[in-house]
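Taken together, the values in this text are just the output of simple stated rules run on the coordinates, not laboratory data. Predicted model, so just to flag it, every value in this text is computed and none were measured. Using ideal geometry, Cβ is built from the backbone for each residue, glycine included, and neighbour counts are taken over all protein chains shown.
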Amino acid sequence: MIAAAIHSGIQVTSGAERVPPGLARNVMTISGRELRDAVRARWFVLYTLAFAGLGLAISLVSATATGGSGLASFGRTTAGMINLVLLVVPLMALTAGAGAIASDRERGMLQYLLAQPVSRLEVLLGKYLGLAGALLSCICLGLGACAGVLAWKGMGTDPAAVLWLAGLSFGLALAMLSCGVLISTLAGRASVAVGTAVFAWLTLVFVSDLGLMAGAMALRMRIEQLFALSVMNPLQVFKMWSLHAADASLDVLGPAGLYATEEYGKWLHALFAGCLLAWIVVPLAAAAVTLSRRSPI
Amino acid sequence: MISIEHVTKRFGRGRAVSDVCLDVGTGDSVALWGLNGAGKTTLIRCVLGLISFEGRICVGGHDVGSRGKRARMLIGYVPQELSFYDELRVSEAVVFFSKLKGLGVPALDAVLGGVGLSGHEAKRIRELSGGMKQRLALAIAMLGDPPVLILDEVTASLDACGREEFVSLLAGLSGSGRTMLFASHRVEEVASLAKRVAVLEKGKLERVQSPFEFASALGAGTVVHLVIPAAARERAMAELRAGGLVPTLNGVGVLVGVDAARKAAPFRLLAEAGVPVDDFELLREGGHGTAHGRKEHA
Amino acid sequence: MNRVIGAILVCGGAWLARAGDTPASLDHEAPARTFASRQSTLAGALSARIAAAQAGAVIEIGAGVYHEHLRIDKPLTLIGRPGAIIDGAGSGDIVEIAAEGVTFRGFTVRNTGIDLEQENAAIRVLAGRATIEDNVLEDVLFGIDLRSAPDCVVRGNRIGGKALDIARRGDGLRLWRSDRGVIENNVLHDGRDAILWYSSGIKVRGNRSDDCRYGLHLMFSDDVVIEDNTLSGNSVGIYLMYSAGVEITRNRLVRNRGPSGYGIGLKEADRFSVRENLITGNRVGVYLDGSPFTTKQPGVFTRNIFAFNDIGVTFLPSARGNEFTDNNFIDNIDQVAVSGRGALTGNRFWKGERGNFWSDYTGYDRDADGIGDFVHESRTLFESMTERNPEMRLFLFSPAQQAIEFVGRAVPAVRPEAKFEDEVPRMRPVEIGFAKAESGVRSMTLAATAFGLLAIGGGVLRAARKDGGP
């Protein structure tokens, strides 16, 4: 009788075997759930509040500092925003990504999920997209609030520059999310994954730049070497690209920036896009391979 | 329906599953029986395609290695303990898995009603008791009425009452041509659900028996687990020893081995001595020392 | 009277044109019936009219394309009606003014040669008191070239250079030993320089220069007034070399970002004042090299806005004796820099009670007198690093930069020397009459952008929450 009740809840297509949903549908299902979970999570709320709050502070300070002169091309606002994005977005994306797989594995959820008619790639992509949606929402809310304040204060900030900043921040977030997810698939435990993600953040934000600075000065590095090395860092790529978008040149970055503009010219966008794309695709692909090879338990 | 051909799973140098061959036909119901570490759970994970292995497993003709999605489409799976996103509501969980199985939005009342979870739609998973979680897991497994049901020690984390309820729920499902493969360490489950029993020892499939053969083979080795208040335990030990039995203490009471035909003997002894018994449980004893299995973790 | 002469000339011209078999003339088969103003491509038509005119005559030229190279050798007034085009057909100079007191107005002059040696010019003036007004010069190597032509007026012309790379372009406007002229309301674009050589007492007012090399370049030209000009997107805005007595007032120097990229450059200039200029988005706002040249009079910089330049003011060690008061230094990446290692001794950033506004001032004003209670000192470790290793600017705006600044503040051992001091820093920017930029429209688009972004962010949230409802 109980069985009958259970059966009646579902329309059973008897006889013909049902075909499992395709990749796209499963990815959508999983990403929807992941997104829902993410935006309810404490980390999302805290990061969003921190990002928007700091951004608003920067906007207000810079609006006061220019004395409402209404002049603004490239100034403290954009620089401050870039700085803020460089600090907050990678940390958020890396830790979000790091939590994605490892904690599920630790709590046995991954095993349960994979016992359903889904593939590992679907689970990975679904989680990635869901988290990406949450990050997009966080970035848009934060930068949108800042742009609102700037508009209200009558600052002449270029709307196109704001849009570029938002788009590139999202690009950076995707790259960092890929790295976080890779860390997550490699790490044995969730705590290890998050720790590694924070370490990766420190490395990308501070250690690599400071090391490169020291190295460049100590080894008397040539400008093209310096530029080539700095393009390896997705954070630098984000920074240079947003500057380029706001200013149409990189000469604000001194000789190295000038070199980049002269050497690559119109191809600079392609170069940056390529680097960022590589940082998005390669770690994600590596994560997919790792996940398919590793046992989910 | 499920064909397991020469499956071996190595962990490092050891083998968790060693060259197992097993065929489970349509409508068959096979219990996997064995000690901790005998390879029951590992074999189930292999069937679900969760881990890689040597050999070949097909479910409904689909190789679980290369066509895992198709194979799992035929399977409803209930784990030992449902662990899923705690913040998710019961209804959300059902809808989520229903989508993954390619079904439309299910009729929640019927799905949840069937496992006695009506009225709990809006609860979050973390608010459910262990028994309710297992019933939710069963409801999810039964979405789409899959022809194969795979259960991995589904009652291990339930109390006696929950266990009984759950087993009767499963007994209701086992007919109607459904294929079942389940791991268990409880004789009563095996007796009421299985048509055949596959006995695993150290990863090897030792034999496949009928439940009847299985029960009689097991007869000599039954252990009764008696839950006795702490104050009365020493006295119980003394009384049982005096009655010619060999008791050992454990956390909440006493374990005592008895002949399958004389399972009531310890109760009689204790009742005569006026020692209170709160609860009891029948456990199996293998050939290698004590086996107590209130919670057996794979 | 003139018209009659014109008609006769046109008839003659038509015959000549046929003889010369100019293809374009085939379109106009019946010249005799056509009025002069409709006529075109008549070789020598204008020259003939000039030749026939008497000194002091006013000649109006109607619409038409005249393929001619003119020489005006008597004091005439030539007025081009709308559509009067003189085309040099890509060779040589086009108009040469060789007599004093010529007025040349309203023409389109186009298509000079490209010979830099010959300095092919659209209008070359070789005599004084000429008035060159309201002409449009297109596709020219040199635009208006005054050679030893004092007391001229060049006003309201529009001068567009050739689409050549900068090394092969000529000067849009050049004065050579031509004193006391007025250069007013001209627009120059895509040329090389607007340059004054040995020309004193010139007024340069209300001109605009975009995308040239030097917006305005003075060489050995004294007592020049430069007012209300807009120089943007040039390699350098204004560059004074070896010139004295120059007043630079109310100019806009915007985004001059060539390899040197100065808003205003001053090399061995003397007795100069720089007031109320808007200097923004340049690579270097003001560049000071050996200026003031003598110590007779300090270099005066007052009430200017230095905003969003990479460097607000760069001093070479040779620059001493400048006074900066009541300027606004707003968000220049480097507010003030010293090129090479040196201190800013000999230059002052305050005088009496008059200091400057510094957007990076960190002090406060407890007594509310509008002047910060603490001295403004500029010393940042990263800045001193980049001044020594300019390639380190690659790390600008990164958290690593912040880390270095933090170390610089926290660790006295590595704290750099203060570059300069302003003892009376202003708390608020000086109000200067410049327009509030075009922020109105932008604010609206910015608000729309903000709304759009918030809508995306909120939309994602909404979708996520809604989808989850039981």
Two pseudo-spin positions, 7 Å from Cα along C-beta at A:Lys266 and at A:Ala278, lie apart in nanometres by 2.3 nm
Considering only the protein assembly as shown, percent of DSSP beta bridges that pair antiparallel, nearest 5
20 percent
Once phi is turned into θ = phi - 60°, what whole-Hz ³J(HN,Hα) does the Karplus curve with 6.51, -1.76 and 1.60 give for every residue of the range C:352-361, x standing for Gly and Pro?
x, 9, 9, x, 10, 8, 10, 5, 9, 5
What residues of the range C:169-197 lie in the reach of a label at C:Val153, counting those whose backbone N is under 14 Å from a point 7 Å from the Cα along Cα→Cβ?
C:181-186
Of all DSSP beta bridges with both partners in the range C:65-422, the antiparallel percent, nearest 5, is 5 percent
Excluding residues on the same chain fewer than 8 positions from A:Lys266, give the lysines whose Cα lies under 17 Å from its Cα.
none
Could you put A:Leu277, C:Leu453, B:Leu103, A:Leu271 in order, starting from the residue whose Cβ has the fewest other Cβ atoms within 10 Å?
A:Leu277, A:Leu271, B:Leu103, C:Leu453
Under 29 Å from the Cα of B:Lys40 - lysines, other chains or at least 8 residues apart
B:Lys9, B:Lys69, B:Lys101, B:Lys133, B:Lys195, B:Lys202, B:Lys204, B:Lys263, B:Lys295
Once you average over the residues of B:46-53, how many Cβ atoms of partner chains fall within 10 Å of each Cβ?
4
Helix C:2-20 versus the longest principal axis of chain C: what angle, 0 to 90°, nearest 10, using Cα atoms?
90 degrees
Enclosed volume per residue, in Å³, of the convex hull spanned by Cα atoms of the range B:2-218
119 Å³
Computed over chain A, the relative contact order (Cα-Cα under 8 Å, seq sep at least six) in percent reads 25 percent
Simple label model, 7 Å out from Cα along Cβ direction - C:Leu316 to C:Asp73, nm
4.7 nm
Where in the range A:172-212 is the amide nitrogen less than 13 Å from a point lying 7 Å along the Cα-to-Cβ axis of A:Val289?
none
Cβ crowding within 10 Å averaged over residues, with A:216-228, C:139-151 ranked highest first
C:139-151, A:216-228
Please label the shape of the range A:126-223 as rounded, prolate or oblate, based on the square roots a ≥ b ≥ c of the eigenvalues of the alpha-carbon gyration tensor (a/c under 1.5 means rounded; beyond that, a/b larger than b/c means prolate, else oblate).
oblate
Order of A:His244, A:His269 under a 10 Å beta carbon neighbour criterion, fewest first:
A:His269, A:His244
Two-decimal Rg to Rh for chain C - Kirkwood Rh, Cα set:
1.12
Run the numbers on chain B and let me know its relative contact order in percent, using alpha-carbon pairs under 8 Å that are six or more apart.
20 percent
What's the average, rounded to a whole number, of partner chain beta-carbon atoms within 10 Å of each residue's beta-carbon in A:150-158?
6
Under the classification rounded if a/c is under 1.5, otherwise prolate if a/b is larger than b/c and oblate if not, where does the range C:50-190 fall, given a ≥ b ≥ c as square roots of the Cα gyration tensor eigenvalues?
oblate
Projected area, mean over directions - the protein assembly as shown, Cα convex hull, nm²
61.7 nm²
If amide H atoms are modeled at 1.01 Å from N in the peptide plane, then the residues at a separation of 5 or more from B:Gly55, or on another chain, having amide H under 5 Å from its own are B:Thr8
For the range C:232-274, average projected area of the Cα convex hull in nm²
2.7 nm²
Between the Cα axis of helix C:439-468 and the main Cα principal axis of chain C, the angle (0 to 90°, nearest 10) is 60 degrees
Taking neighbour counts of Cβ atoms within 10 Å as a proxy for exposure, in what order, fewest first, do B:His62, C:His189 appear?
C:His189, B:His62
Under 5 Å, built H, 5+ apart or other chain: amide partners of C:Gln335
C:Gly312
Can you compute the equivalent ellipsoid semi-axes for the range C:297-448, i.e. the square root of 5 times each eigenvalue of the Cα gyration tensor, sorted largest first and rounded to whole Å?
25, 22, 17
Return the sequence-ordered ³J(HN,Hα) values of the range B:127-141 in whole Hz as given by the Karplus equation 6.51 cos²θ - 1.76 cosθ + 1.60 applied to θ = phi - 60°, using x for Gly and Pro.
8, 7, 6, x, x, 5, 4, 5, 5, 4, 4, 5, 4, 5, 4
Calculated from DSSP H runs of 4 or more alone, at -39500 (n - 2.57) each and per residue, what is the 222 nm mean residue ellipticity of the protein assembly as shown, nearest 500?
-12000 deg cm²/dmol
Going highest first, how would you order C:395-401, A:181-187 by mean Cβ packing within 10 Å?
A:181-187, C:395-401
List the residues whose amide H sits under 5 Å from the amide H of B:Ala183, counting only those 5 or more places along or on another chain, with H placed 1.01 Å from N in the peptide plane.
B:Leu32, B:Leu151, B:Asp152, B:Glu153
Under 21 Å from C:Lys296, Cα to Cα: lysines that are on another chain or at least 8 residues apart
C:Lys267, C:Lys351
Please give the peptides C:352-360, C:457-465, B:42-50, C:123-131 ranked by average Cβ packing (other Cβ atoms within 10 Å per residue), highest first, as a rough proxy for protection.
B:42-50, C:123-131, C:352-360, C:457-465
Between C:Glu417 and A:Arg189, the two model label points (7 Å from Cα along the beta-carbon direction) sit apart by a distance in nm of 5.6 nm
Return the percentage of antiparallel bridges among DSSP beta bridges fully within chain B, rounded to the nearest 5 %.
65 percent
List, in order, the whole-Hz ³J(HN,Hα) value for each residue of the range C:197-209 obtained from phi through the Karplus relation with A = 6.51, B = -1.76, C = 1.60 and θ = phi - 60°; use x for Gly and Pro.
10, 6, 10, 10, x, 8, 9, 10, 9, x, 8, 9, 9
Cβ-derived FRET efficiency at R0 35 Å, C:Arg180 paired with C:Arg81, nearest 0.05:
0.70
